[in-house]
Amino acid sequence: MKMKLIYWISTGLVCLGYLGGAALYMLQHDMVAGLFGQLGYPVYLTYLLPVVKVLGPAAILSRFSVKLSDLAYAGMFYHLLLAFSAHMNSGVPGWQPALVMFAALLVSFFTQNAVRTPASPYAGTRWGTAS
C-alpha cells in the first residue's frame with residue numbers, strides 16, 4: 001500500500017504540473033513567449049510544448065503502451081533537465097519547480113513496476129513490490 005501511495009502521489013504531481021504548464025502556455029502565451037526569449041529558446045516551441053505537455057501525462061496515466069509510457073518519461077526527464085539548466089544559466093527565476101518536478105518524475109518512474117502492469121523493462125524492481 002505504501003508503494004502505491006508513493007507512486008500515485010509522485011505521478012499525480014508530475015501530471016498536474018505538466019497539465020498546469022500546458023494551461024499556462026495556452027492562457028498566458030505572450031508572457032510565456034517572453035520568458036522563452038529570456039531563456040534563450042525559440043518562441044515557436046511555445047506552440048508545440050502545450051501539446052506535448054498534455055500527451056506525456058496521457059501516455060503515462062493510460063499506460064496504453066509500456067514503450068510509449070517509457071518514452072513519455074524519457075521526454076519529461078530531458079525536458080525538466082533542460083528547464084532546470086536554462087533557468088539556472090539565465091538567472092531567470094523558476095528553477096525550483098523544475099527541480100521538484102524532476103525529483104517527482106524519478107520517484108514515479110522507479111516505483112511504477114511495483115504498482116503497474118505490465119512492467120517497464122527499464123524501471124527495475126529494486127523498489128519493492130506492491131502491497
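The values are calculated or read from the model by the stated rules, or taken from the named source; none is laboratory data. Please read all numbers here as calculations on a predicted model, not as lab measurements. Because the Cβ atoms are built from the backbone with ideal geometry, glycine has one as well, and the counts that use them run over all protein chains shown.
Applying the condition of being surrounded by 19 or more Cβ atoms within 10 Å (Cβ to Cβ) and not polar (S, T, N, Q) to segment 4-14 and asking which residue is farthest from Leu80 (Cα to Cα) yields Tyr7.
Filtering segment 15-44 to residues that are surrounded by 12 or more Cβ atoms within 10 Å (Cβ to Cβ) and assigned to a loop (DSSP other than H, G, I, E, B) leaves Gln28, Tyr41, Val43. Go through the residues of segment 103-115 one by one and say whether even a single one is in contact with a Gly (Cβ under 6 Å, 6 or more places away or on another chain) and assigned to a helix (DSSP H, G or I). Scanning segment 103-115 turns up at least one residue that is in contact with a Gly (Cβ under 6 Å, 6 or more places away or on another chain) and assigned to a helix (DSSP H, G or I).
Residue under question is Pro57, and the condition is that it be closer than 17 Å to Val115 by Cβ and of a type outside the set (S, T, N, Q); does it hold? Yes: the conditions hold for Pro57.
Going by what's in this entry, would Val54 be described as crowded, with 19+ Cβ neighbours inside 10 Å and either under 23 Å from Pro93 (Cα atoms) or among the β-branched types (Val, Ile, Thr) (or both)? If you could, list the steps in order and put the result at the bottom.
Working: crowded, with 19+ Cβ neighbours inside 10 Å: no; either under 23 Å from Pro93 (Cα atoms) or among the β-branched types (Val, Ile, Thr) (or both): yes.
For Val54, the condition - crowded, with 19+ Cβ neighbours inside 10 Å and either under 23 Å from Pro93 (Cα atoms) or among the β-branched types (Val, Ile, Thr) (or both) - is not met.
May I ask you to verify whether Ser90 is of a type in the set (Ser, Thr, Tyr), closer than 18 Å to Cys15 by Cβ and without any contact (Cβ under 8 Å) to a residue 60 or more places away in the chain? Taking the combined requirement at face value, the residue does not satisfy it. In segment 106-131, the residues that are modelled with pLDDT under 90 reach residues that are not in a helix (DSSP H, G or I) with C-beta atoms within less than 8 angstrom, at least six apart or across chains, in these pairs: Thr125/Ala119; Ser131/Met1. Checking every residue in segment 27-44 against the condition of being of a type in the set (S, T, N, Q), under 17 Å from the mean Cα position of the chain (by Cα) and modelled with pLDDT of 95 or more gives zero matches. Put simply, of Leu105, Leu81, Leu68 the only residue that is among the hydrophobic types (A, V, I, L, M, F, W, C) and under 21 Å from Ala23 (Cβ atoms) is Leu105. Of all residues in segment 6-21, at least one satisfies being at pLDDT 95 or above, out of contact with any helix residue (DSSP H, G or I) (no Cβ under 7 Å at 6 or more places or on another chain) and more than 30 Å from Thr125 (Cα to Cα).
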